[in-house]
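Encoded as structure tokens, the structure appears first; notes follow it.
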Amino acid sequence: MTPESQTGDSPQAGFVKDLGLVSATTLVMGSMIGSGVFIVSADLARQVKSPGLLIVCWLLGAALTLIAALSYGELAAAMPHAGGQYVYLREAFGRLWGFLYGWTLFVVIQTGTIAAVAVAFAKYAGVFMPSISASNYLLGSGNIGLTTQQLLAIAVVVLLSIVNTRGVRTGALVQNVFTFAKVASLLGLVGLGFLLGRNPQAIAVNFHDVWRGATFSWATIALIGSAMVGPLFSSDAWNNVTFTAGEVRNPKRNLPLSLGLGVGTVSVLYIACNFVYLSVLTLPQIQAAPEDRVATAVVSVMFGPVATKLMAIAIMISTFGCCNGMIMSGARVYFTMARDNLFFRRAGELDSRHHTPVFALVIQCVWTCLLTLSGRYNDLLDYVIFAVLLFYILTIGGLFRLRRTRPDLERPYRAWGYPILPALYMLVAGLIEILLLLNKPTFTVRGLILVLLGVPVYFFWRSPAKALQSREKYGARPI
């Protein structure tokens, strides 16, 4: 049994359950929808060189993400504690594996993604205010300097971190508003694309020979596996709702439901958007979209020059909401790690008035801002692509392990399609990992090194001195 199941000092003690089903679902959707769906298809089309394979990649990404979400639903309902995936890995495989996930999450997965998405917000704000630019330096120059684009990105991170110190209800309100707005913009893109943007030439070219270049051989399978990075990580962060499980009302019902509803809805929207792209633009036009802005190219067909500003507004709404969801949820993981003696002690404290992990939010904010200033977050994110998928595979593997080692654990919801679908996810995702390892060794090896650097850090946090400090603060917690 774990510390939280054996003592009254549970990691979710003190949290206020202010997240209902709607808020939990918007957290899933809002964390998933960033800027990826608007731009990823250009690079994906260049890789697969086939309209059919383009859609296959998005369909496969949607299927894998939905299977993973439905599998996580069982773990979330059985262990509705703050920290989510960190808790599941700790329960299934021990504290080291939980820590390695939390370490990678803090060092780059969560913070690097927040930084990248905040910079995307600032980049599109530059459409309306040209002074906001990556080349407009306020201090210094090159890699050592501060641009107006970086400054705005940092301001967004700081603002949303402050908002989320005011209570989960405030953060959820911001999340709900921006998620509804971004879903409306995607629905508008899909609806107007099919109604006004249908291009007979594009439809004839794209759908007459939909499988062009596809040989249905191992080479094509390898190509799809390597190309899956875009669709999978355009859909990533759906698991963030599990981090806030300690604040979800009726979590045994609402967590599995929010995962299924949120992932399912976003997946349908993503696939519909790509059918719109293929109905409005020829494949070569998608491949050659300026700065990979496929959605902007589509809207320009319908509305002309105003398209750039329309899509800039949509992406700013999308990225702002995505940042908020990730900032709100990430801090809950560091809070739980601190309660397990595996992070800065103060990160395990809740504000007495707002019941939020203020110090965890602050330290996340500081590190995110440093990554923003470094300008290297995109490189770091490339490195951890392999590691992120590895942790998903491990967590679903934990589902099988816990069924065996903890048969008496209450499971209000059981993973749909178990054991076939979870096993299928592990098999397909494992194949993608092997293909990434073979085709993109630079990124995968560096990602593994980044994860393994967490091992000595784990033993530092587990040192007697650190454990004593935590016991003095929170009382003894069984190992």
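Worth a mention:
- Residue selected from the stretch 405-435 under the condition aliphatic (A, V, I, L, M) and more than 18 Å from T395 (Cβ to Cβ), by the criterion most open to solvent (accessible area, probe 1.4 Å): I434
- Of residues in the stretch 159-169 being surrounded by fewer than 17 Cβ atoms within 10 Å (Cβ to Cβ) and either basic (K, R) or in contact with a helix residue (DSSP H, G or I) (Cβ under 8 Å, 6 or more places away or on another chain) (or both), the one modelled with the lowest pLDDT: R169
- Taken over the stretch 191-223, the residue count meeting the criterion of being surrounded by fewer than 18 Cβ atoms within 10 Å (Cβ to Cβ) and part of a helix (DSSP H, G or I) is 16.
- Unique residue being closer than 28 Å to L402 by Cβ and modelled with pLDDT of 90 or more when the list is P80, P3, P51: P80
- Residue identified as more than 14 Å from T165 (Cβ to Cβ), touching a Leu at 6+ places or on another chain (Cβ under 9 Å) and open to solvent by 10 Å² or more (accessible area, probe 1.4 Å) among F320, F344: F320
- The residue that is nearest to L257 (Cα to Cα), among those in the stretch 403-443 that are in contact with a Phe, Trp or Tyr (Cβ under 9 Å, 6 or more places away or on another chain) and basic (K, R), is R403.
- Flag for S374 being out of contact with any helix residue (DSSP H, G or I) (no Cβ under 8 Å at 6 or more places or on another chain), more than 22 Å from A63 (Cα to Cα), among the small types (G, A, S) and open to solvent by less than 60 Å² (accessible area, probe 1.4 Å): yes
- Filtered residues of the stretch 457-467 (kept if open to solvent by 80 Å² or more (accessible area, probe 1.4 Å) and either modelled with pLDDT of 95 or more or more than 15 Å from Y101 (Cα to Cα) (or both)): F460, P464
- Unmet criterion (only one of (1) among the polar types (S, T, N, Q); (2) surrounded by fewer than 24 Cβ atoms within 10 Å (Cβ to Cβ); (3) in contact with a Phe, Trp or Tyr (Cβ under 8 Å, 6 or more places away or on another chain)) for S329: (2)
- Test: residue in the stretch 246-255 that is at positive phi and over 18 Å from the mean Cα position of the chain (by Cα): yes
- Search result, residues across the stretch 235-253 that are assigned to a helix (DSSP H, G or I) and open to solvent by less than 10 Å² (accessible area, probe 1.4 Å): N240, V241, T242, F243, A245, G246, E247
- Taking every residue in the stretch 78-97 that is closer than 24 Å to L19 by Cα and without any contact (Cβ under 8 Å) to a residue 12 or more places away in the chain and pairing it with any residue that is assigned to a loop (DSSP other than H, G, I, E, B) and open to solvent by 20 Å² or more (accessible area, probe 1.4 Å), at least 6 positions away or on another chain, yields no pair with a Cβ-Cβ distance below 8 Å.
- Of all residues making up the stretch 389-403, the number that are within 15 Å of I432 (Cα to Cα) and open to solvent by 10 Å² or more (accessible area, probe 1.4 Å): 4
- Residue within the stretch 266-281 that is at pLDDT 95 or above, in contact with a strand residue (DSSP E or B) (Cβ under 7 Å, 6 or more places away or on another chain) and either outside any helix (DSSP H, G or I) or surrounded by 18 or more Cβ atoms within 10 Å (Cβ to Cβ) (or both) present: no
- Checked against (1) closer than 24 Å to V156 by Cα; (2) open to solvent by 10 Å² or more (accessible area, probe 1.4 Å); (3) hydroxyl-bearing (S, T, Y), S300 passes all but condition (1).
- Looking across the stretch 242-276, just one residue is among the charged types (D, E, K, R), out of contact with any Phe, Trp or Tyr (no Cβ under 7 Å at 6 or more places or on another chain) and farther than 18 Å from R414 by Cβ, and that is R249.
- Of all residues in the stretch 118-155 being part of a helix (DSSP H, G or I) and farther than 25 Å from V306 by Cβ, the one that is most open to solvent (accessible area, probe 1.4 Å): L151
- Meets criteria (part of a helix (DSSP H, G or I), hydroxyl-bearing (S, T, Y) and open to solvent by less than 10 Å² (accessible area, probe 1.4 Å)) for T104: yes
- Look at (1) in contact with a helix residue (DSSP H, G or I) (Cβ under 8 Å, 6 or more places away or on another chain); (2) without any contact (Cβ under 8 Å) to a residue 40 or more places away in the chain; (3) of a type in the set (A, V, I, L, M) and you find that V366 fails only one, number (1).
The values are calculated or read from the model by the stated rules, or taken from the named source; none is laboratory data. Here the structure is a predicted model, which means the values were calculated and not measured. Because the Cβ atoms are built from the backbone with ideal geometry, glycine has one as well, and the counts that use them run over all protein chains shown. Side chains included, ligands, DNA and RNA excluded: accessible areas come from the protein's heavy atoms. Shrake-Rupley method; radii C 1.70, N 1.55, O 1.52, S 1.80 Å.
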